[in-house]
Structures are given as structure tokens and as C-alpha cells.
Amino acid sequence: MRAQNQRTSALTIGTSKAWTGGAITALIVLALMWVIPILWGVATSLKTEKDAAGPALSVPSQGWTLDAYVQVLTQGEIPRWMFNSFFVAVSVTILTVAISALAAYGFSRTEFRGRKWLFALTIASIMVPGQILIVPLFQQMNSMRLTDTFAGIILPQIVAPMMVFIMKNFFETIPQELEEAARIDGAGRMRIFITIIVPLSRPILMAVSIFVFIGAWNNFLWPFIVTNNPDLLTLPVGLATVKNAYGVQYAQSMASAILAALPLMVVFALFQRQIVKGFATSGMGGQ
Amino acid sequence: MKHELPRARYSSEQATKRPLGSLLGSISDATFSRRSVFRSFAVTAGFFALGGGLSACGGSGHAAEGPLQTWDLFSGSDGISMRSMIANFSNESAVTVRPVTLAWGSPYYTKLAMAASSGKAPDTAIMHLSRLAGFAPGGLLEPYDLELLAEFGVREDDFAPAVWKNCHYEGQLFAIPLDTHPFVVFYNKDIAEKAGVLDGSGAISSITSAEDMIEVGQKLAKVTGKQGVSFGHVLDSAQSWRLFWGLYAQTGGGYTMEVGSPAVLDTAKAAEVLTFLTQMMDGKIALKNQTYAGAIADFTSGTTGLILSGAWEMPALKDAIPNLGAMPMPTMFGTPANYSDSHSYVLPRQVSDDPQRRRTAHQFVAGIIKQGQKWAEAGHIPAYLPVQETPDYQNLHPQVDYAAAGTTPVFDPPVWFSGAGTDFQNQLSQTISACFQGTLDPPAAVASMLEIINKMLSAPNPS
Amino acid sequence: MLTDLAPSVAPPITQKTPAKVRKGSGFWFVVPFLVAFAMFLLWPIVSGLWMSLTNQSLTGSGAGFTGLSNYAEALADPAVWQSLWNTAVFTIATAAPLVVLSFVMAYLVYVGLPGQWLWRMSFFTPYLLPVSVVTALWQWMFQPGFGLINSILTQLGFAEIGFLDQQGVAMFSIVLVTIWWTVGFNFLLYLSALQNIPDHVFEAAQLDGAGPWRRLVSIIVPMVNKTTIMIVMLQILASLKVFEQIYLLTAGGPRGSTRSVLEYIYDVGFSGYRLGYASAISYLFFALIVVVAVVQLRIMNRKEH
């Protein structure tokens, strides 16, 4: 971080005041534009229903309140959906990272018949937009009786050729010699993978896990297609499909939205550095 | 030597420039991580055991055990009434019910069809009767058991024949109507009185032709100083169609719509109806480019004295105008007919046949439709006739004033793509709306409607 | 970077490899992935192709072979072309702002005020929101009457805008929401690319006495060229698949003016029961995406040489 600040000053040296001032103003204006919708959502969620449906730009007549949150958390389905989302996202993350890491290792460090061919197939499939497969995939889940099950939500999400590719690139940078030393000691491949490769790859595993988790937590289309049972909906799907029988309640719907947004915002706040680093590590942010 | 190697290699790899430090750190605590790896495996195993249990219970959620699942698409005053009816039923029968409300229209029916196609649908669900033709032929619904229904006190005689007939497909009963909700006329009695269009009993009864309607509209406009009649259709996905189709039925024009062959309409009569409506929407009697919400705002604020709209708007209108009058759509083209739809209960296909659950579903449907009085408060006409005969209902104004509309209902044509919330209604409404706004003349609008319908009829019937 | 698909140079496996590690054993590492890959990616591709040759319905009927009739119908269906057009408009309208704006944001944050985490958080947070939260917020912003934007407009004496129900305006609103929602991802990519520019590059520029504008144009922009190419490519592929925000905000309306290809596939396949026909549209679209991707790869390769 300190190095960053030094560089910042190095950059601004020799620039005109107008330039610096303009840059700062632009930054603040942009940031406000990006933050205001969220802040306004938060403000609405802290109003009473009556105020929420009132004029947008006035101070609430009935004061600020956490009522909407209490309502949503005690009466609605939000806690249930939040659990579902959490369960689905964690499962998808664990399974995706596990099978992708194994595959990446297999592709990068071992020899077997058809390896190149299979890897090429995997890479080619990065171009297949999974979304256009919703129709056959739904029909497949139907015939496998997996609609409205957690397995049906989770399994189709764990195929991530991109992650295999990223991890393979990383594994290839790990020196072969470390592995060979262990091999001479008599370690099997699985053992090498777990005791050498995995610990060495923690940053990339972390980065990939975070990407996959964000993706799974926010995934809408597939869970939306494959679930109908209100007890199994994930947060994004539940919020969008199940309606309040007692009419549109703006404060409550904003409170639900904020609650749905919170977990990832906390994750980001906690792991900001790893996430930014993850972009670099994964090779996505390199120049 | 070996520990030197990584350094040399890493520095040449740009992708790993940054994590170099953490990488070297990881090497030194590799032994420590081994334990943590195994620990995390154990945690993972436990986690999936939990998930396995959950998914098993998720998979069988709708079967044998658990509360009775029912879906509807009611919100606002409809939703409040429905939830209290369900609570009443639960109290009296000791059956636990799990109601779920989904977004109205296409999203609801898409979800219902998808759920039924996988056999994991709710035990009962609300369906617009106009949608039955898209669901029953495809085997997405199960027929009712008349004997079971009779056991819970519901029989054919309890319903208007015209509605009951529409609940069937190929001789089997697939829907039990909760209500009919016609497209009717509301008026502001204060304005109507000043305009001198009320009869001795305080109702408008003078409209028996299109000309009469124009005349009443002009008189009302004179009182309000603006327009006489409200009708909102711009960007609306159904209102224009509702108005047109009901009046077209009054002409006795008739139609044939069968998949695979072109539709037949009486184009002259259809154009006659449209011509009359464009005459009415001349900017003086009614605006020609009003929206749904705008029409209601105009009526409730006294800008107009009469509104053509759905019975479901009654609670909101009554709130604003206590002296609210109502009547079925006046017969202006000869034959009494009133555009209607009906919220009905259906039994979506289940993968597991459980007689006890089916029985409970029948019990639930019977229990809800008998509470028609409560449902009538939201403006709908209870389909269960014994409710209509009670003094309570007979005193419920203005609902009872348009109850007659329920005896001459006109539903959407029974083709698979028609009904509430469909593209069929939407596209036709846009075309008719374009005619009202003056961008299409009536014969061209009719031709365009036929074109839309024929395109849909030419697609294979997927159900 | 994505094109660098050739296995990178790894030292040849030494002859010392103990006999214990069998030659083919590496295959088992790939098996779990391959099983999932085959079941949930390859199989749907194959079964979808078959489905597109039938009149398969959601209700279960029509599984018989019908040849290419679905494809013929799709090519003659104006709604297919309209949705393709809408998707193209959306892609073009979002791609440029998403690239330019994200770079501007990243650059400003990079050179800007202290408190980087705050700016980073501001721009990136929307990307973390589930789509239904994004659409809920913006529906609320666009609301006639008491929505924030329309309130401000009426206060300033302008007429209200029907952001989501006016033809022509609705697509613009969806583009706006999409930019707000997803720019954070590109922003972070650019930011991390900027931070990877070695210090000595700047020092050298400083010594040359290059002004800020020249430094930006002639040093920084070329330095992040690779990131730009990647962002453009990811962006176009992502925009082509747009569905969720459209489904939730307008469901494709008014009058189909915001209906994307995926929205049409959903409408036809699930709302209209016609799984076979929807599959055929999917495959036509798939073919188109492959063409776009190949063209992109070509251009990228040429640029790199």
C-alpha cells in the first residue's frame, strides 16, 4: 500500500493543478453516481412503508426505523433463502475448485493417452455459453428427476473449464523439482498433489474460490430455471419470483435486497486485497 | 540448490509476480498445511452429508408429508382476502396450508407449467380459466373427482352453466371456479345524476345501443367539463382486447380458431365494433391515448364520470368514490355478452399419486370457494352460486349490481396460446390500441389482428 | 493470454521417475472433472441438438424427428431477427462505455486521492449484487411518481420519463443499469493491470518530461493493451448472453423492443412450451457466437504480432 502511495505522488508530480483538480472531481462524481442507488435503497429500507411510498426527496415524517428488517427476517422467507444460497454457493465452490484443481494437475503434470486432446476439448468449451443450454439442461434434469433438488441446482454449475485453464497455467509455474524430490521419497501422485501442489497454490485456489463463490451466490438463470419449490429457492431467485401477497411494500423489498447484498459485500470488504491480487494471480489482470 | 530454482523460474513468470512472497512462505509451512487440508476434508464431508439430507427432503418436499402447497398470483386487496380465506380454512379443517404468491401473468404460468412438467408442482394452484386450453390438453393438470367434490359439498348445480362448461376439457372437469371477474362499467353516481342519466332507482339503465353510449358519454362530459368516459389502454397488455372481444361477442359475429387452419372472424362486425370505439375515443367523450393508471386517476378524481374496466378495480374505485355505481357491460350490439375471466383452482400433475393428498386438495378447493363472500369484497363475482343467494351478498353494492355479468361470460377463444398474461392478448391489445390511437383504421386493425392470430395458429400446438 | 494455449515449456520428465508412479495414473485426476463435463456440458449440447430436430414440448409430446423444420421456421421468424438485433444493439451500446468508463475509473483511482479502498469499494460493490437486487434498486429509481430520478426530473420542471415502458427508452435504461452493475469487474481488471506497470516506466517518462496527458496516451494506454483486448472480448461474449436484467426489468417489452435472444429462447421454450424450437434458436445463436469468438481471436492474434 505504501509503495502505491509513493507511485501516486510520482505520478502527480509535474501535473498542473487543473489536471489534478479535474481528476479528483471526476472521481468523486463517478463514485457518487455509483453509490447513490445503493444508499437510496438503504435509506428506503429504513423508512416506514408509508414514508417509503411518499415523496422521494423529503425527510421521512415517521422517522427512521428497522421495522422493515425485523419484518423481513421474522416473517418472510429471507432466512431460508439465505441458507439455500449459502449452501449452494459453498457446495459449488468446493466441488468446482476440487475437480478443477485435480483436472488442472492432471493436465499439467501427468502424461496419459488423449491428454492433449481432452485438454483442447476443455479449452474449446470455454466458448460455449452455458446459458444457451438451459433448454436441454432443464429437460435433462427433468428426466433425471433432479428438478427442485439441491443436486439439480449445484451440479450443472460445477463445470468450469476456465478455472481449469487458470489453474493449469499456475501449476505449470511450480518447479517440477519439488515434486520429484517427493517422488523419490516414495510419495504417490495424490500425496504430492495434496502435500505439495495444494499448499503452494493457495493464492490461486483462494482467487478461484472467490470468483466461483461470487458467481454461484449471484447466479440467477440456472437456479431460476430448475427450482419451483419455494423452500429451495436461492436468494436472487426468491427475491425476484415470490411476491408479497399483501401488496408491494417498498421498504420491505429494499430491506430484503440489502440483506441479500450484504454477505458478498462483507466478503469483499474482508478479502479486498486477495480479490484484487486474485485478478493478478489468475493472470486475468496481467498486462 | 533446489531452493534457488524456484526463485529463478518465478521471476520469469509474469503471472506469478505478486504472490512470490506468499508462495515461498507456503513452502515453509507445507507440513502444517497438510493437517489443515485433512481437516478441511473432514469438514467438507460433513457439509455434504448435511446437504445430502437436505436435498433428499427437498426432493420429496411435495410428496406425502408436509403442508398442502398452493400457488396463487394475488397481491394487494386480492392477496389480503385470499390469505385470510386460507387461514379460515386452516382453522376449521386443521389442514396446514402453504400458500405462495408469484408474479402475475406470464411468469406465473411459465413457472406453473415447468413445475407441472416435472411432476413437482404444488397440490393446487389458481389458474385463469382462459388458460385452461394451454394446460389441460398437455396433461399438465389432473382432473377433479366429482364424487370427492360432492363429499365436500360442491356440485355442478352450484355454478353458472356458462362458466361450468368452460372448466372442462374432453368431458373431464379440470378447474373449479372461484369467481368470475368481468370487464364492466363503473360510474360516479353524483356526476351521473347531474348529467341526468340515472333512472328512478339511481342506476344507468338507458344504454341499449352504441348511440346511447355515446349520448351518455357526452352528457357526462358536459358535467365534468373534461371527458365523460375513462378507458386506459396505452401500453396495456390486455385492456383493449377485453373491451373489444366482449363487444364483438355482443354482435353475434362468432369465430373459428383451430390450430393448423386460418382463423375466421366476421370482419365487418369486428370493424363495426372498432369504429364505434374510435368514435367514442374522440378526445371529448374519452381520450384516445390514455394509460391504465391514467384512466383510473381520471375517474377517481372526477375528471370523468364513467370508466370501462375490470371488476377487480372495484375496491380502489370504491375507496375514492363512495357513491359508486356499477353495471355489466351494456348490451350495445344486440346480444348480451360480457368479457370475463375466472380465477379457478386446478390440480397440477403430480409425480407421486397420493390419494390422501388428493383428497385434502379437493377439501381445500371446496373450503375456499365456499368463502366466496369474503372474495366478493375484492370485487369478484363468487362463482359458487349459494354465496350469491345469501342476503349478505345481495346487500353488497356495487358488486351485486354487476353480478349478472357472470351469467353471460365471454372467455378467450379456447386455443393453447390464448388467455390472461399471454402474448396473444398482448399483441392483439397493441394492435387494437393502435387503432384507438388513430394509427390504424378499423378494417386495417382487423386485418392485422387476423394476421397475428393466423401466425399463432400456424405454429404447431406444443401441448 | 487466452490464446496462449500451447502447453508451456515444462522440463521433460526425468528418467529417474520411480516405477511406483504408473504412467497412466494421471488420467484419474481428470476423471471427476470429465464426468461432470460430459454430463452437464457435452450431453446437453448433444441432446439439445437432437431436440432442435424435434417438436419436443414442455408437456412431453412431440419427441419425433422433424428434420430441419425448426431451423427453417427460426430463419423466417421476424421475432428471432428482432431479438438478434436487440442483442446486437445491447452489446454495442454496453461494450464501449464498459471499456472506456472502467478504464477512466481505474485510472482515476490509480492516480487519485488517498483512501483507495473506498473508491474501489464504491465502483466494485454493484458487481457483487445479485441481479434481482440490482433490478429492485433500479425499478425503484425509475419508478414514476416517487422514484428518485423522476422525482428529481419533476422538481427541475421536466416531464417524467417512462424508463421501462417507453419504446426506445427501455433499452437505454437497461444499458444504463447494466453499465452500473458490471463496470466494477472491468474496473478491477484495469486497476490490477495499472498496478502491475513497473515503476521505472514512470520514472523514465518523468525524466523525459512528459506531461500527464501524453503519459496517459503514449505510455499507460499501450501498457494495458492486453487487458483492454481481454476486456473487450469477455465483454462482448457476456453481452451476447444478456437475459436476467432484461427478464426482470421489462421481460422483453415494450413490444419486444428489449427482447434479447436468450429472453426469446426462454419465452418460446418455457412460456410457449416449444423446447424443440427454442433449441433450434439456441443453436443458430451458438453458431453466431462461435463466429464472433473466432473473429475476435483472429483479430487478437493479429494485434499481438
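The values are calculated or read from the model by the stated rules, or taken from the named source; none is laboratory data. Keep in mind the model is a prediction, meaning the values are calculated, not measured. Glycine also receives a Cβ, built like all others from the backbone with ideal geometry; neighbour counts cover every protein chain displayed. Note: accessible area is taken over every heavy atom of the protein model, side chains too, but ligands, DNA and RNA are not part of it. Shrake-Rupley method; radii C 1.70, N 1.55, O 1.52, S 1.80 Å.
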*Where in segment A:143-223 are the helices (runs of 4 or more DSSP H), entirely inside, with at least 2 residues that are within 30 Å of B:ALA121 (Cα to Cα)?*
A:150-154, A:202-218
*Answer yes if at least one residue in segment B:276-295 is farther than 19 Å from B:ILE207 by Cα, assigned to a helix (DSSP H, G or I), among the aliphatic types (A, V, I, L, M) and modelled with pLDDT under 95, and no otherwise.*
yes
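Among the candidates B:ALA150, B:ALA162, B:ALA116, which residue alone is touching a Leu at 6+ places or on another chain (Cβ under 8 Å) and in a helix (DSSP H, G or I)?
Selected residue: B:ALA116, the only one of B:ALA150, B:ALA162, B:ALA116 that is touching a Leu at 6+ places or on another chain (Cβ under 8 Å) and in a helix (DSSP H, G or I).
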*Residue selected from segment B:88-110 under the condition in a helix (DSSP H, G or I), closer than 25 Å to A:LEU233 by Cβ and of a type in the set (Gly, Ala, Ser), by the criterion least open to solvent (accessible area, probe 1.4 Å)*: B:SER90
*asked:* Need the failing condition index for C:ALA88 against (1) under 17 Å from the mean Cα position of the chain (by Cα); (2) in contact (Cβ under 8 Å) with a residue 24 or more places away in the chain, just the number.
replied: (2)
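Among the residues of segment C:129-173, how many are in a helix (DSSP H, G or I) and away from chain A (no Cβ under 12 Å)?
So the answer is 5.
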_Scope segment B:386-418; condition part of a loop (DSSP other than H, G, I, E, B), of a type outside the set (A, V, I, L, M) and either more than 20 Å from B:GLU313 (Cα to Cα) or in contact with a strand residue (DSSP E or B) (Cβ under 6 Å, 6 or more places away or on another chain) (or both); matching residues_ = B:GLU389, B:THR390, B:PRO398, B:THR408, B:ASP412, B:PRO413, B:PRO414, B:TRP416, B:PHE417, B:SER418
_Within segment A:227-251, considering residues that are touching a Gly at 6+ places or on another chain (Cβ under 8 Å) and surrounded by 24 or more Cβ atoms within 10 Å (Cβ to Cβ), the one farthest from the other protein chains (Cβ to nearest Cβ)_ = A:THR227
_In segment C:164-206, the residues that are closer than 27 Å to C:TYR247 by Cα, small (Gly, Ala, Ser) and buried (at least 17 other Cβ atoms within 10 Å of the Cβ)_ = C:ALA170, C:SER173, C:GLY184
*Single residue of B:SER237, B:SER205 found to be over 16 Å from B:MET327 (Cα atoms) and either without any contact (Cβ under 8 Å) to a residue 40 or more places away in the chain or part of a loop (DSSP other than H, G, I, E, B) (or both)*: B:SER237
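Residues that are of a type in the set (S, T, N, Q), free of Cβ contacts under 8 Å to residues at least 24 places away in the same chain and out of contact with any Gly (no Cβ under 7 Å at 6 or more places or on another chain): does segment A:27-48 have at least one?
For segment A:27-48, residues of a type in the set (S, T, N, Q), free of Cβ contacts under 8 Å to residues at least 24 places away in the same chain and out of contact with any Gly (no Cβ under 7 Å at 6 or more places or on another chain): absent.
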*Which of the residues spanning segment A:205-217 are closer than 23 Å to A:VAL242 by Cα and open to solvent by 20 Å² or more (accessible area, probe 1.4 Å)?*
A:GLY215
_B:ALA326, sole failed condition from (1) in contact with a Pro (Cβ under 8 Å, 6 or more places away or on another chain); (2) in the same structural domain as B:SER84 (by TED's automatic domain parsing)_ = (2)
*asked:* Being open to solvent by 20 Å² or more (accessible area, probe 1.4 Å), touching a helix residue (DSSP H, G or I) at 6+ places or on another chain (Cβ under 8 Å), more than 7 Å from chain A (Cβ to nearest Cβ) and modelled with pLDDT of 95 or more narrows it down to one residue among C:TYR71, C:TYR107; which is it?
replied: C:TYR71
*Which condition does A:GLU111 not pass, out of (1) over 30 Å from B:ALA115 (Cβ atoms); (2) within 8 Å of another protein chain (Cβ to nearest Cβ); (3) open to solvent by less than 20 Å² (accessible area, probe 1.4 Å); (4) outside any helix (DSSP H, G or I), if it passes all the others?*
(3)
*asked:* I want to confirm something. Restricting to segment B:297-329 and keeping residues that are assigned to a loop (DSSP other than H, G, I, E, B) and small (Gly, Ala, Ser), which single residue is surrounded by the fewest Cβ atoms within 10 Å (Cβ to Cβ)?
replied: B:SER301
*All positions within segment A:35-69 that are in a loop (DSSP other than H, G, I, E, B) and either within 11 Å of another protein chain (Cβ to nearest Cβ) or at positive phi (or both)*: A:ALA53, A:GLY54, A:PRO55, A:ALA56, A:LEU57, A:SER58, A:GLY63
_What pairs come out if I take residues in segment C:183-205 that are free of Cβ contacts under 8 Å to residues at least 40 places away in the same chain and pair them with residues that are of a type in the set (Phe, Trp, Tyr) whose C-beta lies under 8 Å away, six or more apart or interchain?_
C:SER192/A:PHE279
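Listed here are the residues, each with its yes/no results for (1) touching a strand residue (DSSP E or B) at 6+ places or on another chain (Cβ under 9 Å); (2) among the aliphatic types (A, V, I, L, M); (3) within 30 Å of C:VAL261 (Cα to Cα).
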residue: C:PHE90; (1), (2), (3): no, no, yes
residue: C:LEU113; (1), (2), (3): no, yes, no
residue: C:PHE142; (1), (2), (3): no, no, yes
residue: C:GLY157; (1), (2), (3): no, no, no
*Return a yes/no flag: does segment C:81-102 have any residue that is assigned to a loop (DSSP other than H, G, I, E, B) and surrounded by fewer than 21 Cβ atoms within 10 Å (Cβ to Cβ).*
no
*Assuming B:LEU274 fulfils every condition listed in (1) within 24 Å of the chain's Cα centre (by Cα); (2) open to solvent by less than 10 Å² (accessible area, probe 1.4 Å) apart from one, which condition is it?*
(1)
*Among the residues of segment C:244-257, is any within 30 Å of A:ALA18 (Cα to Cα), more than 10 Å from chain A (Cβ to nearest Cβ) and not hydrophobic (A, V, I, L, M, F, W, C)?*
no
